Every structure is written in C-alpha cells, then in structure tokens.
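*Asks:* I am attaching a structure below and will ask some questions about it afterwards.
The values are calculated or read from the model by the stated rules, or taken from the named source; none is laboratory data. Since the model is a prediction, treat every value here as computed from it, not as a measurement. Cβ atoms come from the backbone with ideal geometry, glycine included; neighbour counts cover every protein chain shown. With ligands, DNA and RNA removed, areas are computed over all heavy atoms of the protein, side chains included. Shrake-Rupley method; radii C 1.70, N 1.55, O 1.52, S 1.80 Å.
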Amino acid sequence: ASSGADDVIDSAQLYQTTEDAIGDLQRVYAATARPRDMVKPVMPPRAAAHDMSQAFASGAAVGVLFGAERSGLDNDDVTLADTVIEVPLNPAFRSLNLAQAVLIVGYEWFMVSQGTADPAEDSATEKWRETGTTEPVSKEELLNFLTRLEGELDDCGFLLPREKRPTMVRTIRNIFQRARLTDQDVRTLHGIVSG
C-alpha cells in the first residue's frame, strides 16, 4: 500500500467477476501488451489518458482493467474493454509488472488532470463525442443485452460448433464494444431481438 493512500484502500471493493466490477461504467480500457486476435482501438497511455479525460468530462464513468501479476488479462476480460492501452516498449521486452503498468497509466492521468500533458504529442487520441440527449450505455446494460443475444444465438444454432463458441462470442462482443452504444441503441437492439 502506498503511503497516504489509505482512502483509496479503504474504499476499494471486491467483485466476483469482471462483468460485475465494470457494470456501472460506460468506458473501459484494458492495459495489455500481448497481441490479441481482436479488432480494438489501441492507444499509448498518454492518448488514453486524454480520451479518458474527455469521456469523464462528458459524464461517463470510466475504468481501467489491469491483469494479474503472473498472467495478465485473459481474452474474455479484454473483450469487455472498449480500448486497449499499450505502452510503447522494446518488442523483445514488452512485459511490465502490475505496479509499473498502474504507475504509467496513473502518471499520464495525473499529467492530463494537471493540464501539463500535451495532447498534440499523441495524434492517436480519439475524440469522445455525444450527439443528442441519450446517455452512453452502462456496461451492465450492454452485458444484459449481449447475454440475451448469445442465448438467442445458441437457441437458433448459430454458435456452432461448440468448440468455436468462445471465439465467436468474443468476436460478437467486440463488435458491440467498438460501437460505443447509447441507452437508446441497446433498447432498439432488444426490440430487434424480440421481433
């Protein structure tokens, strides 16, 4: 525990699943260096900090997933993220320990919050823009829809053969994660599945 960080430790919560931990968030980032067979935006930490700051300023609840010290994040956890944070490192030595990864992302967040990080240094910074009046969907509501959709796809025989189901589910989840859906979008998708 870091000196003086008792308020962080005291307010920490434990969850049984990653889905439960991110249920009330609208934007989730996954810090990982391992290449994944997924199509996701990838940002260096400074660009991600700017993106997070913009999302936070627009009222979105934002979180970052870090993996366990020994094994990192698994593919199912990365699937739940909107964006991957990747520290640009020597390709032969890409692995960071957990404390280093948290320190780098935390430092970039701090620099953005102090107004001392130059967003022009990272042209990869995505813009978070909302039009209209609907809110970004919470991860809980998105996961409720995805669970329902996967059940329907099981019932109609789409997710076959069974040994390919996990990969197919991750691909489908990634499609919807990239879309940055709103509450209204998900209500409409529920209606489509019901129809």
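*Asks:* Could you check, for the range 143-163, whether at least one of its residues is among the aliphatic types (A, V, I, L, M), in contact with a Leu (Cβ under 9 Å, 6 or more places away or on another chain), modelled with pLDDT of 95 or more and more than 25 Å from Pro41 (Cβ to Cβ)? Before the answer, list the steps.
*Replies:* Initial filter on the range 143-163 (among the aliphatic types (A, V, I, L, M)): 143, 146, 149, 153, 159-160.
Restricting the remaining residues to those that are in contact with a Leu (Cβ under 9 Å, 6 or more places away or on another chain) gives 143, 149, 153, 159.
From what's left, modelled with pLDDT of 95 or more: 143, 149, 153, 159.
Among the residues that remain, those that are also more than 25 Å from Pro41 (Cβ to Cβ) are: 153, 159.
There is at least one residue in the range 143-163 that is among the aliphatic types (A, V, I, L, M), in contact with a Leu (Cβ under 9 Å, 6 or more places away or on another chain), modelled with pLDDT of 95 or more and more than 25 Å from Pro41 (Cβ to Cβ).
*Asks:* Only one residue in Ser53, Ser95 is hydroxyl-bearing (Ser, Thr, Tyr) and either part of a helix (DSSP H, G or I) or touching a helix residue (DSSP H, G or I) at 6+ places or on another chain (Cβ under 9 Å) (or both). Which one?
*Replies:* Details: Ser95 fails: either part of a helix (DSSP H, G or I) or touching a helix residue (DSSP H, G or I) at 6+ places or on another chain (Cβ under 9 Å) (or both).
Residue meeting the stated conditions: Ser53.
*Asks:* Could you list all residues from the range 56-85 that are farther than 20 Å from Thr18 by Cα and not in a helix (DSSP H, G or I)?
*Replies:* Step one: of the range 56-85, the residues farther than 20 Å from Thr18 by Cα are 56-59.
Of everything in the range 56-85, those that are farther than 20 Å from Thr18 by Cα and not in a helix (DSSP H, G or I) turn out to be Ser58, Gly59.
*Asks:* What do you reckon, is Gln13 in a helix (DSSP H, G or I) and open to solvent by 40 Å² or more (accessible area, probe 1.4 Å)?
*Replies:* Values: in a helix (DSSP H, G or I): no; open to solvent by 40 Å² or more (accessible area, probe 1.4 Å): yes.
The answer is no for Gln13.
*Asks:* To continue, here is another question. Restricted to the range 20-49, and to residues that are touching a strand residue (DSSP E or B) at 6+ places or on another chain (Cβ under 7 Å) and charged (D, E, K, R), which residue is farthest from Leu143 (Cα to Cα)? Walk me through how you get there before you give the answer.
*Replies:* Applying the first criterion (touching a strand residue (DSSP E or B) at 6+ places or on another chain (Cβ under 7 Å)) to the range 20-49 yields 22, 25-32, 34, 40-43, 45, 48.
Pick out the ones that are also charged (D, E, K, R) and you get 27, 34, 40.
Working: Arg27: 13, Arg34: 24, Lys40: 18 Å.
By that ranking, first place goes to Arg34.
*Asks:* Something else: I'm checking my understanding of the structure. Among residues of the range 147-195 that are assigned to a loop (DSSP other than H, G, I, E, B) and either touching a residue at least 40 places away in the same chain (Cβ under 8 Å) or touching a Ser or Thr at 6+ places or on another chain (Cβ under 8 Å) (or both), which one is nearest to Val62 (Cα to Cα)?
*Replies:* Initially, the range 147-195 is screened for residues assigned to a loop (DSSP other than H, G, I, E, B), giving 156-161, 179-181, 195.
Still in the running and either touching a residue at least 40 places away in the same chain (Cβ under 8 Å) or touching a Ser or Thr at 6+ places or on another chain (Cβ under 8 Å) (or both): 180-181.
Numbers: Arg180: 13, Leu181: 15 Å.
If we take residues in the range 147-195 being assigned to a loop (DSSP other than H, G, I, E, B) and either touching a residue at least 40 places away in the same chain (Cβ under 8 Å) or touching a Ser or Thr at 6+ places or on another chain (Cβ under 8 Å) (or both), then Arg180 is nearest to Val62 (Cα to Cα).
*Asks:* Follow-up. With respect to Leu89, determine if the residue is of a type outside the set (Gly, Ala, Ser), assigned to a helix (DSSP H, G or I) and over 28 Å from Leu143 (Cβ atoms). Walk me through it before giving the result.
*Replies:* On the way: of a type outside the set (Gly, Ala, Ser): yes; assigned to a helix (DSSP H, G or I): no; over 28 Å from Leu143 (Cβ atoms): yes.
Criteria not met by Leu89.
*Asks:* Any chance you could count how many residues in the range 150-177 are more than 22 Å from Asp74 (Cα to Cα) and crowded, with 17+ Cβ neighbours inside 10 Å?
*Replies:* 1
*Asks:* With the requirement that a residue be open to solvent by 20 Å² or more (accessible area, probe 1.4 Å), within 13 Å of the chain's Cα centre (by Cα) and at pLDDT below 95, what does the range 41-73 give you?
*Replies:* Pro41, Val42
*Asks:* Of the residues that sit in the range 46-94 and are β-branched (Val, Ile, Thr) and free of Cβ contacts under 8 Å to residues at least 60 places away in the same chain, which one is farthest from Thr32 (Cα to Cα)?
*Replies:* Taking the range 46-94 first, the residues β-branched (Val, Ile, Thr) are 62, 64, 78-79, 83-85, 87.
With the extra rule that they be free of Cβ contacts under 8 Å to residues at least 60 places away in the same chain, the set shrinks to 62, 64, 78, 83-85, 87.
Numbers: Val62: 17, Val64: 11, Val78: 8, Thr83: 10, Val84: 7, Ile85: 6, Val87: 8 Å.
The extreme case among them is Val62.
*Asks:* Another question, if that's okay. Picking from Arg180, Arg187, which residue would you name as being on the phi > 0 side of the Ramachandran plot and open to solvent by 50 Å² or more (accessible area, probe 1.4 Å)? Walk me through how you get there before you give the answer.
*Replies:* On the way: Arg187 fails: on the phi > 0 side of the Ramachandran plot.
The conditions single out Arg180.
*Asks:* Which of the residues spanning the range 101-128 are in a loop (DSSP other than H, G, I, E, B) and at pLDDT 90 or above?
*Replies:* Within the range 101-128, just Gln114 meets the criteria.
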